[in-house]
Amino acid sequence: MKVILIAKAVLVDITKCIGCGSCSVACKLWNDLEFDDSRPTVGVEAQLNDVNWTAVQRHDVQSKDSPQALWRFVKQQCLHCLEPACASACFSKALQRNDSGAVVYYPDLCVGCRYCMIACPFNIPKYEWKKTFPLVTKCQMCSTKTASGEAPACVSVCPTMALKYGERSALLKEARQLVNTNHLYIKEIYGEYEVGGTSWLYISDVPFEQLGFKTDVGTKPLPSYTHNFLKYTPFLAIGWGMFLTGLSFYTKRRNKITSQKQADDDNKETTSRKSESTEETNNENL
Amino acid sequence: MNSQDKKPGFLSRRNFFKLIGGTGVAGAAAITAGCSKAPAGGTGWLPQQYHTASHWPVQVKGRVPIDISNPSIARDDRKCILCGQCIEVCKNTQTVFGYYDLPLKNDIICTHCGQCAMWCPTAAITERDDVNKVVKALDDKNTFVVVQTAPATRIALGEEFGLSLGSNVEGRQVAALKKLGFDAVFDTGFTADLTIMEEASELIKRLKEKTTLPQFTSCCPGWVKFCEYYYPDFIPHLSTAKSPQQMLGTLTKTYYAEIKGINPNNIISVAIMPCTAKKFEAQRPEMATNRNLRDVDIVLTTREIARLIKMRGLDITTLEEAQYDNLLGESSGAGMIFAATGGVTEAAVRTAHYLATNEPPPEPLLSFTAVRGLKGVKEASIEIPGLGHLNVAVCHGLKNARIILDKLRSGEASWDFIEVMACDGGCIGGGGQPRTALPPSDKVRTSRIAGIYNIDKKDRTRLSYENEEIQLVYKNFLVRPLSDIAEELLHTHYSDRSEHLITKKNYSLNEGDSNS
Ligand code: SF4
Ligand code: SF4
Ligand code: SF4
Ligand code: SF4
Ligand code: SF4
């Protein structure tokens with residue numbers, strides 16, 4: 001187990017988010033991700049996918065105080081678990097939690113097995129279905145930017161301070177203080193304990209389950225459930241690695257063909273966005 | 001696609017070894033060592049201000065929220081560089097962004113003024129592009145497509161064709177529109193005169209009855225929505241007169257259709273405006289008088305009509321001047337100066353003087369300098385025989401409106417008539433006007449304003465009530481200002497929008513920098 005020097009975190013105050021999409025543009029600019037009008041990053045239809053590492057989803061929440069539904073925007077991205085299931089599922093160590101708490105993906109190490117996608121309780125890692133040599137993608141918590149003391153790109157551009165970067169313990173303290181003294185908030189900090197705690201923390205005035213958050217993930221770190229024996233068997237890993245490299249080449253080819261087919265099908269349908277991939281239709285939850 | 005791509009290919013021996021050789025050796029080394037190469041991401045760029053240690057504040061950051069259903073403006077994310085200029089103008093010039101408390105309720109607060117589009121350096125924010133709708137209407141042989149042009153477009157459209165600031169292309173604009181295939185070309189200046197007839201009559205009525213004074217102008221839809229959001233208590237003070245754009249739309253589908261024997265269902269009414277908020281105004285539910293037909297169907301900004309003209313290969317500078325069509329095509333100088341801040345007030349006062357005294361206004365009212373120019377808040381006091389002392393205030397830029405309204409609310413000041421234009425300089429500086437240096441400068445505004453007052457000085461009558469087509473429309477159709485039919489067709493109502501936001505209570509406006 002690695003020693004974490006200073007665990008950093010981002011506190012998201014859902015009550016302050018105005019859905020401006022500055023964060024999602026910053027993420028695309030900084031990470032050089034494709035802009036695609038058919039896959040919006042803000043609004044009711046916004047979803048995470050291989051080019052949207054973050055998405056600001058609008059939820060219309062019924063409230064007893066107002067006849068009309070309230071709009072709440074929820075910025076989604078990888079939660080950067082303190083004990084990431086994705087990383088422990090990855091035998092080739094393409095996903096690693098770094099010293100400041102970011103769960104970082106190293107594409108050169110990835111063999112394309114996509115175990116991480118299955119392991120992640122929040123359905124975060126996405127696959128580049130449309131590419132010839134697809135990789136897994138997800139929010140990196142801007143690990144190279146934060147390495148020089150800067151905030152993640154999305155945090156640094158947020159005009160309302162809905163996002164705040166800092167030490168996890170300090171942010172938790174601040175959040176606790178806020179939800180306990182300000183009646184606007186529900187008395188809960190999402191990410192404090194979920195799956196053993198995450199580096200992205202959320203506070204809100206609306207119960208989290210009404211905002212598409214997964215609230216049934218428990219507080220036990222998920223890696224303890226996964227087959228992490230691979231970690232201790234590097235020799236086996238090499239063998240596995242070679243086998244899976246071959247396997248991944250095969251899968252990549254197959255996927256290319258599948259996605260080609262899908263693209264063909266999509267052209268026939270008008271609702272192409274919805275049927276892009278099975279992965280993306282069921283990720284309404286964080 | 002050839003058939004080879006369709007079936008899973010077999011892994012050749014060569015490729016297999018290449019892969020194992022690549023990922024296998026390097027990868028396995030990395031796997032066992034637990035080290036790695038470059039992490040994903042971080043290969044792009046961000047503006048400089050965002051590269052600073054996280055504990056320092058960033059001065060200019062982020063961007064305004066724009067709802068996907070905003071009828072006036074739209075943004076192309078690909079072009080947004082997160083420069084923060086849109087927030088700068090929306091917050092500090094318009095006092096819209098940041099003047100509501102969070103959380104949001106159920107609206108992205110926007111007055112549709114389009115100033116953010118003027119300030120956006122990359123034109124990521126633009127008007128919502130409706131050019132294709134007009135192209136479609138013009139192509140449809142079964143429709144009668146009517147177009148109107150606002151006073152302010154004629155002194156700005158030329159800029160899009162290389163003419164100097166403030167050039168008047170009124171006749172050439174009409175010619176271009178006729179060449180594009182519009183069936184009739186009308187002047188919104190005509191209904192500006194009509195607005196003055198109604199609004200001045202309304203003012204005199206309020207002054208005589210001493211009710212709900214001051215009266216606010218209501219021809220700027222950005223200002224109207226601002227009032228509905230932030231100052232709903234003043235809604236009764238808004239003149240009920242529709243804006244010139246909407247009046248012209250209404251008359252097209254009633255008065256004009258009747259005289260010409262055209263089925264109003266077959267009329268498409270297009271408006272060329274300096275303004276993005278006019279797109280919003282045209283689709284307000286209140287703006288459908290005649291048998292649920294929209295008064296105005298499509299609104300194009302000056303920029304959009306310039307694009308359409310260019311698309312068709314027409315060079316406006318070389319066109320022979322043409323005339324507006326009859327019935328809704330004549331306008332006075334008073335109608336023209338609607339385009340500049342202070343113009344509506346000046347026009348209204350000229351006609352109010354006549355309506356109250358039956359005498360033409362004296363010379364000073366024909367050059368009412370106190371309300372002209374780019375000062376943020378202008379005040380004047382005039383004497384109209386029979387009506388007494390009239391205190392007027394004129395402002396442009398919504399921050400200046402806030403200054404006036406807050407004084408009014410607190411009882412610090414009182415006026416009888418208040419003109420508000422959402423955009424700096426008035427409609428000549430509207431959010432749909434040709435793009436100029438960023439941010440828009442007073443030099444541009446001054447030149448355009450000069451262009452407008454030149455028109456007022458020159459050719460025509462300078463008094464709305466002397467406009468012959470105005471006299472005709474009252475004689476043959478509307479009877480007189482504020483008649484039942486005028487009330488029905490030319491007046492409207494407003495809706496309180498304050499329930500869609502939590503209005504900020506405490507803010508301080510720095511009056512000093514409220515526009516030069
Ligand atoms: S949220 Fe999913 S992808 Fe992100 S660190 Fe946790 S397990 Fe990994
Ligand atoms: S932390 Fe970086 S990678 Fe993650 S969502 Fe924000 S900008 Fe994107
Ligand atoms: S930048 Fe901030 S306010 Fe804007 S959408 Fe992102 S989190 Fe919300
Ligand atoms: S149109 Fe006007 S009110 Fe709306 S966002 Fe732009 S500047 Fe702000
Ligand atoms: S002004 Fe334009 S480029 Fe700058 S932040 Fe706003 S939308 Fe983006």
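Just so you know, all these numbers are worked out from the coordinates, no wet-lab data involved. As the structure is a prediction and not an experimental result, all values here were calculated from the model. When we count neighbours, we look across all protein chains shown, and the Cβ atoms used for this are built from the backbone with ideal geometry, even at glycine.
Each label was represented as a point 7 Å from its Cα along the Cα-to-Cβ direction; for B:ARG409 and A:GLU34 these points are 4.9 nm apart. Estimated from helices alone, the mean residue ellipticity of chain B at 222 nm is -9000 deg cm²/dmol (sum of -39500 (n - 2.57) over DSSP H runs with n ≥ 4, per residue).
List the pairs from B:LYS105/B:LYS407; B:LYS133/B:LYS278; B:LYS399/B:LYS443; A:LYS64/A:LYS214; A:LYS93/A:LYS131; B:LYS178/B:LYS260 whose alpha-carbon separation is above 25 Å, in the order I gave them.
Result: B:LYS105/B:LYS407 exceed 25 Å.
The antiparallel fraction among DSSP beta bridges confined to the stretch A:8-231 stands at about 75%.
Normalising the average separation of contacting C-alpha pairs (under 8 angstrom, six or more residues apart) by the number of residues puts the relative contact order of chain B at 21 percent.
Which whole number gives the average count of other chain Cβ atoms within 10 Å of the Cβ atoms across peptide B:73-84?
On the way: counts 0, 0, 3, 2, 11, 7, 2, 7, 2, 11, 0, 3.
Per residue, the number of nearby Cβ atoms from other chains is 4 on average.
Per residue, the average separation of C-alpha pairs within less than 8 Å and at least 6 apart gives the stretch A:82-144 a relative contact order of 30 percent.
What the Cα atoms of the stretch A:134-225 give is an Rg and a Dmax of 14.8, 48 Å. Which of the listed residues, B:GLN94, B:ALA370, A:LEU171, is farthest toward the dipole's positive end in the protein assembly as shown, when Lys, Arg count +1 and Asp, Glu count -1 at the beta-carbon? It is A:LEU171.
Net charge dipole, the protein assembly as shown: roughly 3520 debye, given to the nearest 20, about the Cα centre with Cβ charges of +1 for Lys and Arg and -1 for Asp and Glu.
Partner aspartates and glutamates whose Cα lies under 16 Å from the Cα of B:LYS141, excluding those fewer than 8 positions away in the same chain, are identified as B:ASP183.
The distance between label points at B:ASN476 and B:THR212 comes to 3.3 nm (points 7 Å beyond Cα on the Cα→Cβ vector). Shape class for the stretch B:112-177: oblate, because the ratio a/c of the largest to smallest gyration tensor axis (alpha-carbon atoms, square roots of eigenvalues) is 1.5 or more and b/c is at least a/b. Candidate cross-link partners of A:LYS220 among the aspartates and glutamates, defined by an alpha-carbon separation under 18 Å and a same-chain spacing of 8 or more, comprise A:GLU83, A:GLU188, A:GLU192, A:GLU194. The separation of the stretch B:286-333 from the stretch B:259-278, counted between C-alpha centres, amounts to 8 Å. Shape analysis of the protein assembly as shown places it in the prolate category; the axes a ≥ b ≥ c from the Cα gyration tensor give an a/c of at least 1.5, with a/b above b/c. Here A:ILE186 and B:HIS55 are evaluated by their C-beta separation; at R0 = 41 Å the FRET efficiency comes out at 0.90. Our note on the geometry: Cα centres of the stretch B:196-212 and the stretch A:2-47, 53 Å apart. Nearest 10 degrees, 0 to 90: what angle lies between the long axis of helix B:442-457 and the longest principal axis of chain B (Cα atoms)? The two axes meet at around 30 degrees. Within chain B, the longest run free of exposed loop sites, counting GluC sites (Glu not before Pro) that sit outside DSSP helix and strand states (H, G, I, E, B) and have at most 14 other Cβ atoms within 10 Å, spans B:1-285.
Report for chain B the percent antiparallel among DSSP-assigned beta bridges with both residues inside it, nearest 5. In chain B, approximately 40 percent of DSSP beta bridges are antiparallel ones.
When a/c is below 1.5 the answer is rounded, else prolate if a/b is larger than b/c, else oblate, so apply that to the stretch B:42-177 with a ≥ b ≥ c taken from the square roots of the Cα gyration tensor eigenvalues. Don't skip to the answer; put the middle values down first.
On the way: a/c = 2.25, a/b = 1.90, b/c = 1.18.
Here the stretch B:42-177 falls in the prolate category.
Counting every Cα pair in chain B, what percent are over 38 Å apart?
Numbers: 41076 of 132870 pairs.
Percentage above 38 Å: 31.
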